[in-house]
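Q: Please find one structure pasted underneath; my questions will follow.
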Amino acid sequence: MNTDMIFGTVGGLGLFLYGMMQMSDGLKKVAGKKLKDILESMTKRRIFGFLVGAGTTALIQSSSAATVMVVGFVNAGLLTLKQAISVIIGTNVGTTATAWLVSISGFEAFKVTDYALPAVAIGFALQIFGRTQRSKNIGQILVGFGILFIGICFMKDAFIPLKDSEVTHKALIWFGRNPLLAILAGTVITMLLQSSSASVALIQMLAIQGAFGNDWKQVLLVVIPFILGDNIGTTITAQLAALQANRNARRAAWAHTMFNVIGAFICFWFIAQVGKLVDIITPWGLNETTIAVSIAVTHTTIKIFEAVFFLPLTGVLEKLVLKLVPQKPGDLLLQPTVLERHLLTTPELAMHQARREIVRMARASKRAVNQAVDGLVENNMRKLDIARTTEDITDTLQYEITSYLAALSTREISNEMSAELPVLLHMINDLERIGDHAVNIVEIAERKIEQKLTFSDFALTEAAQLKKEAEQMCDYIITALENNDTEAAKSALVNEDNLNKMQIVLRRSHVQRMSEGLCSPEAGLIFIDLVDNIEKIGDHLTNIAQAVIGGLQWAEDEPKISANPERDIDKP
């Protein structure tokens, strides 16, 4: 294998993957919000979830990217595991679109590569001269489209010497005649490339150049195990995306893996039958110009068979991954656990369940703050990721609890409950804002890590004091909410008073350290941002404490209770 072949293959593959990435990013920018809305609204029925997954993947040209998006939606609580499974099944069918594009590029009558350079030129012009962000994003799509096919062209030319290489023919045919080895090879290649589309494209290019020989019916049978291996290898991307995600997201990633592994196992026993079926489906004879499109048909046939087999069994697949990735004590659940809609007919019970979820939301907010502060102090990216994920949970809980209380407000409820509802809604908003401040701390922590900044020993000690005060305040608030404990709420107000004093003292001492050169200005600004965010968290916790002390009944125009419990007055 000469250097031209190596550089042509590696460079062409790089262009192919880069073009796919650009095309994917551009499409997500143009339609990202719409894709998110579609996924949320159209996945309640399995067939719709399947169609959404297939269409999304066909658009962004990457099942890996689409599956990572699905894992992200599950991680954020926008999709349930069962909904995600139907979408994942669809993504596996949608990924075959790339193989069709590659096969089309091989036809002499319609060479997409002839339009690659004009697409790059037009796309570049739109990115430079486009007046709107939308036109720039469309330009990015066109540039990605053009580069993708330029990469295909380079790979195709690089493989020409293999056409006459007897050693290559024998090696690939030997692999193909040992299906287990071919599956293993396809899996490894796709894991390395992080793209089943790219590895299937490689197989198509090799086949076009005769690397598998010229017995075209035999070539088709030889490449099927490689395709099955590609399907297994593509699952590694979702697994990597789910490494630091919550348990439900990891389950979605495993659902993707199980779908492809079980599907490949079933198809393994019917390789010859798949070849015969493709021969029946395709109206053309197999030759050098049609082998690529026949491989695309094979890839699509396998994926459609797997989808038809698994779509009615999404419940079974869900149970399988639930056993594979079981719930552990201490895990935070994404969705509300006790907001049963049938309880709305019994408002007292429904209100009790809503309060239970608010307590759980308070615990999630506390966890987000703790992980964010620890991540900042320790430069621990894993803890920062947990903080972000936990904040996503608070967002989900805010929406779900608010919707539940809104539904409850339409029922016949007592005057006391009518007065309590708006107070609970304010509490929910305060808890969500605490999560937002945790994310603010995550962002300044990421800046600290990126700029390789360090805190002085004084700053580390003061950060620990801040965290301790905020954590204690959170514990008092959780106790107050759980037990309607006004004494715990008043104790939380003492913590707030301490946080206010600490903000003033710590700001002054840190400015003094900066002026004395004991701390860099950049690290000093980050520390002050930490102090300010913790103080604002205390303000939101204070609002909740005042609500509990007021019996969850205060009116909008009543004065709030002082942070000093000695000056507290009884609320009517």
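Q: With outside any helix (DSSP H, G or I), among the polar types (S, T, N, Q) and at pLDDT below 75 as the only criterion, which of 43, 9 stands out?
A: Values: 9 fails: outside any helix (DSSP H, G or I).
Selected residue: 43, the only one of 43, 9 that is outside any helix (DSSP H, G or I), among the polar types (S, T, N, Q) and at pLDDT below 75.
Q: Checking the condition out of contact with any helix residue (DSSP H, G or I) (no Cβ under 7 Å at 6 or more places or on another chain) and at pLDDT below 90, which residue from 457, 475 passes? Reasoning before the result, please.
A: Values: 475 fails: at pLDDT below 90.
Among 457, 475, only 457 is out of contact with any helix residue (DSSP H, G or I) (no Cβ under 7 Å at 6 or more places or on another chain) and at pLDDT below 90.
Q: When residues of the stretch 365-403 are filtered for being assigned to a helix (DSSP H, G or I) and touching a residue at least 60 places away in the same chain (Cβ under 8 Å), how many remain? Spell out the reasoning first.
A: Step one: filter the stretch 365-403 for residues assigned to a helix (DSSP H, G or I), giving 365-378, 381-403.
Checking which are touching a residue at least 60 places away in the same chain (Cβ under 8 Å) leaves us with 365-366, 368-377, 381-382, 384-386, 389, 392-393, 395-397, 400-401.
So the answer is 25.
Q: A follow-up question, please. Need the failing condition index for residue 314 against (1) buried (at least 20 other Cβ atoms within 10 Å of the Cβ); (2) at pLDDT 85 or above, just the number.
A: (2)
Q: Check the stretch 229-245 and report whether any residue there is farther than 19 Å from residue 323 by Cα and modelled with pLDDT of 85 or more.
A: yes
Q: Residue by residue through the stretch 128-146, note down the ones that are surrounded by 17 or more Cβ atoms within 10 Å (Cβ to Cβ) and not aromatic (Phe, Trp, Tyr). Before you say what the answer is, go through the steps one by one.
A: So the first thing to find is which residues in the stretch 128-146 are surrounded by 17 or more Cβ atoms within 10 Å (Cβ to Cβ), and the list is 136-146.
The answer is 136, 137, 138, 139, 140, 141, 142, 143, 144, 146.
Q: May I pose another question? Of everything in the stretch 213-238 that's over 28 Å from the mean Cα position of the chain (by Cα) and more than 20 Å from residue 273 (Cα to Cα), which residue is surrounded by the fewest Cβ atoms within 10 Å (Cβ to Cβ)? If you could, list the steps in order and put the result at the bottom.
A: We begin by selecting, within the stretch 213-238, every residue over 28 Å from the mean Cα position of the chain (by Cα); these are 213-226.
Narrowing the set further to residues that are more than 20 Å from residue 273 (Cα to Cα) leaves 213-214.
Details: 213: 17, 214: 12.
Going through the qualifying residues, I end up with 214.
Q: Turning to a different aspect of this structure: Would you confirm whether or not the stretch 460-479 contains a residue that is without any contact (Cβ under 8 Å) to a residue 40 or more places away in the chain and not in a helix (DSSP H, G or I)?
A: No, the stretch 460-479 has no match at all.
The values are calculated or read from the model by the stated rules, or taken from the named source; none is laboratory data. None of these values were measured; they are calculated from a predicted model. When we count neighbours, we look across all protein chains shown, and the Cβ atoms used for this are built from the backbone with ideal geometry, even at glycine.
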